[in-house]
Amino acid sequence: MNHTMMIKNSLKTTFSPALPIATLFLSLTITPVSVIAEDAINKTPSLSLHGDTKYSKGFKHFDYVNPDASKGGSLRMAGMGTFDSLNPYIEKGTPASGIGLIYDTLMTSSADEPFSMYALVAQYAEPAIDNSGITFHLNPAARFHDGQPITAQDVVFSFETLRDKGSPFYKAYYGDIAKAEALSKRSVRFVFKDNRNPELPLIISQLPVLPKHFWEQETNNFELANLNKPLGSGPYKVRSAEPGRSVVYERVEDYWGKDLPVNKGRYNFDTRRYDYYRDSNVSLQALKAGEYDIRYENIARNWATAYDTPAVTKGNLVLEAIPTKAPQGMQGFAFNLRRDLFKDVNVRRALNYAMDFEWLNKNLFYNSYTRTQSYFANSDMEATGIPQGKELAYLEPYRDQLPDKLFTEPHKLPVTDGSGRIRNQLNEALALMEQADWKLESGSLRKNGKPFEFEILLYDSSMEKVALPLKKNLEAMGVKATIRIVDISQYINRIRSFDYDMLVTRFPQSSSPGNEQRDFWGSESADLPGSRNMMGIKNPVIDGLIKNVINAESRADLVAAVKALDRVLLWNEYMIPQWYLSSNRVAYWKPLNHPLSKPDQQPLYQFDLDSWWKEPDNTKATGPAADSTDKEEAEKGMPLWPAGILLAILILGWFIRQSKRQK
């Protein structure tokens, strides 16, 4: 699965902090790599892991884009908190929203397929028949913004720099790649450590290409977080960056790749601007005031009640729930198993009883959400019922390390009647706590004289309303939970160092999970600062199941392997699952438009904001700018020249009257 594309897209767009990072994955299906032959050797402009790609050689543009979309205008968005870095690839600092817009990758994906890659910087790919490596042949037209051509040496530099100096994620993600070597000025080969991972060709095809000549200058240190403008090769470059205020990107007029099929109808705005807000409620009001153009609304109450404005009634501010085919993964309260308090599975299972989803959905969310029952929700890879067939075969070697109930019962979350009265559930929770030697003494849950206390770390005030009912129910169990809300910079630093007891997080998934599962739940990533193993999972069973997922040789094997992994994750109660929504709720001002407005357009696997545009003919008639202009015109009243004539007549009349009086 393409975790790199998720990172790149999340750096282009901004999502609600409830979903910490706006997250969109490229899905890759695990079967032997399929290619479209360009000539006698194994060159291809596209890659797929399952059958043929949708688009054949010579295609003009992706079907879902508008190739005639208007170019021009500005897209204004909201960023949350602040930023202090223009380098999104390192652990230090907080990167600016949208910074991924300045970079191109070797190949890129289409949003209407779950698992296909197409030529970008690499004009052709040449995967080894035995999957021992892959060679990329670069487009001779590919250039950085300073006019320097992109070479194989830049690709090798990018791989080695990200692996050795970038975020720890890259070291794990590229862990199965032995080396990169330049074969010529425009050909580069990646050699794999073994040929058992069929996903590697597509994983490395999403490598962002960095300019070696830029980063080797003494004034540019890749490992430092600062606001020096980096050099890229993508459709935009940084115009300005003011920490805590705004970052602005301008479209590169002579962008080398603007006429490639993968870019037709995309990157349509002259500028893309992110204005920063420290509070999500303030940013909501700013949208309604026309201060920016588009908002991803992840708060159900806002969606139901906060947009009752004349602009919505008139159709100038559009509310649209755009369906998605993407799996929804897992969102919830995550336990940090590095804390002794949460090491016992009975404790974690007991605390699950304190979350009353049915009451939350009814009273806070307008019954708009579905409870998350799987780490691979909204997909065919959810573990349901009891294990059978291939899934059971994957689990059998670990039977003596797994609970007996895992093989005989489906995993179930506590369910309430939604009334808010959960005494029976809390009694079951206390019984589980007793099995872990926690006793209720004078209203306080204690073990060896020490009370059960922990902190819930948040950085989004909107999530507090979800945490408060949980805190109340925990108190009824004798547990003291403290809610702490910090700014985004402090939050990121604490996450990187695993300095928290519990937090809210989300693990996005694709249609083809793979290497990223090591970073999510693998033992090797548990103590690696900056990894996505938020819970600190160190479980040999899970490590073995992750290997099965990565090495799956067919789609059927992959689905079975993922179901087995999902089932073991669920039965270990690493999280208190929350909810998901199988659509993207978007509020945007006209004259913005997007391809999914076509009545026959099918839902996409990715939310592709890059394919949106601004309709020039409607700019005066609708949108915040038009409303403002209409208001100004209304306030002007009578034109100046009639008023001047009237004033002159009045003055002349006054002089005539005065003259008559003097006579």
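Here the mean projected area of the convex hull built on the C-alpha positions of the range 179-238 is 6.1 nm². Mean sequence separation of contacting Cα pairs (under 8 Å, at least six apart), scaled by the length of the chain, corresponds to a relative contact order of 20 percent.
The packing ranking of peptides 131-143, 504-516, highest mean first, is 504-516, 131-143, where packing means the average number of other beta carbon atoms within 10 angstrom of each residue.
The slack between GLU253 and LEU392, meaning 0.36 nm per residue of separation minus the straight C-alpha distance, is 44.4 nm.
All other residues whose Cβ lies under 10 angstrom from that of PHE62 are scored, Lys and Arg at +1 and Asp and Glu at -1, for a net of 0.
On the beta carbon distance between ASP543 and ASP52, with R0 = 25 Å, the FRET formula returns roughly 0.15. Shown in residue order for the range 355-368 are the 3J(HN,Hα) couplings computed by the Karplus curve 6.51 cos²θ - 1.76 cosθ + 1.60 at θ = phi - 60°: 9, 9, 4, 4, 5, 4, 5, 6, 9, 10, 10, 6, 6, 9 Hz (x for Gly and Pro). Spacing of the modelled spin labels on ASN367 and GLN601, each 7 Å from Cα toward Cβ, amounts to 3.1 nm.
Considering only beta bridges that DSSP places wholly inside the chain, some 80 percent are antiparallel. Can you classify the range 297-414 as rounded, prolate or oblate using the Cα gyration tensor, where a ≥ b ≥ c are the square roots of its eigenvalues, rounded means a/c under 1.5, and otherwise it's prolate if a/b beats b/c and oblate if not? Taking the square roots of the gyration eigenvalues as a ≥ b ≥ c, the range 297-414 is prolate. Once backbone amide H atoms are built at 1.01 Å from N, ALA321 has VAL586 as its partners under 5 Å, excluding neighbours fewer than 5 places away on the same chain. The trypsin sites (Lys or Arg not before Pro) of the range 374-421 that DSSP puts in a loop, and whose beta carbon has at most 15 other beta carbons within 10 Å, are LYS412, ARG421.
Normalised per residue, the accessible area of the chain is 42 Å², obtained with a 1.4 Å probe and no contribution from ligands, DNA or RNA.
Of the options (i) 55; (ii) 26; (iii) 19, only one is percent of Cα pairs over 44 Å apart as computed from these coordinates, and that is (ii). Near ILE456, the amide H atoms lying under 5 Å from its own belong to THR482, ILE483, ARG484; only residues 5 or more places off or on other chains count, and H is placed 1.01 Å from N.
Sequentially through the range 125-138, phi angles give Karplus couplings (6.51, -1.76, 1.60; θ = phi - 60°) of 10, 9, x, 5, 4, 8, 6, 8, x, 8, 10, 10, 10, 6 Hz, Gly and Pro residues having no value and appearing as x. Dividing the convex hull volume of the alpha carbon atoms of the range 425-532 by its residue count gives 159 Å³ per residue. For the chain, with all protein chains in place and a probe radius of 1.4 Å, 49% of the accessible heavy-atom surface sits on carbon or sulfur. In the range 235-291, Cα pairs under 8 Å separated by at least six residues give a relative contact order of 32 percent. Inter-label distance, ASP68 to SER554: 4.7 nm, where each label sits 7 Å from its Cα along the C-beta direction.
Using heavy atoms of the protein chains and a probe of 1.4 Å, the accessible area assigned to LEU458 is about 10 Å². Specify whether the C-alpha gyration tensor of the range 127-277 places it in the rounded, prolate or oblate class, a ≥ b ≥ c being the square roots of the eigenvalues: rounded for a/c under 1.5, otherwise prolate if a/b is larger than b/c and oblate if not. It is prolate, given that a/c is not under 1.5 and a/b is the larger ratio. With 0.36 nm allotted per residue and the present C-alpha distance subtracted, the GLU216-ASP279 stretch has 18.8 nm of extension available. Placing dummy labels 7 Å off each Cα toward the beta-carbon, the span from LEU468 to SER442 is 3.0 nm. The simple Förster model, with R0 at 25 Å and r as the Cβ-Cβ distance, assigns SER497 and GLU160 a FRET efficiency of 0.45.
The values are calculated or read from the model by the stated rules, or taken from the named source; none is laboratory data. Computed from a predicted structure; not experimentally measured. Reconstructed Cβ throughout: ideal geometry from the backbone, glycine too, with neighbour counts over all protein chains shown. SASA here: full protein model, heavy atoms, side chains in, ligands and nucleic acids out. Shrake-Rupley method; radii C 1.70, N 1.55, O 1.52, S 1.80 Å.
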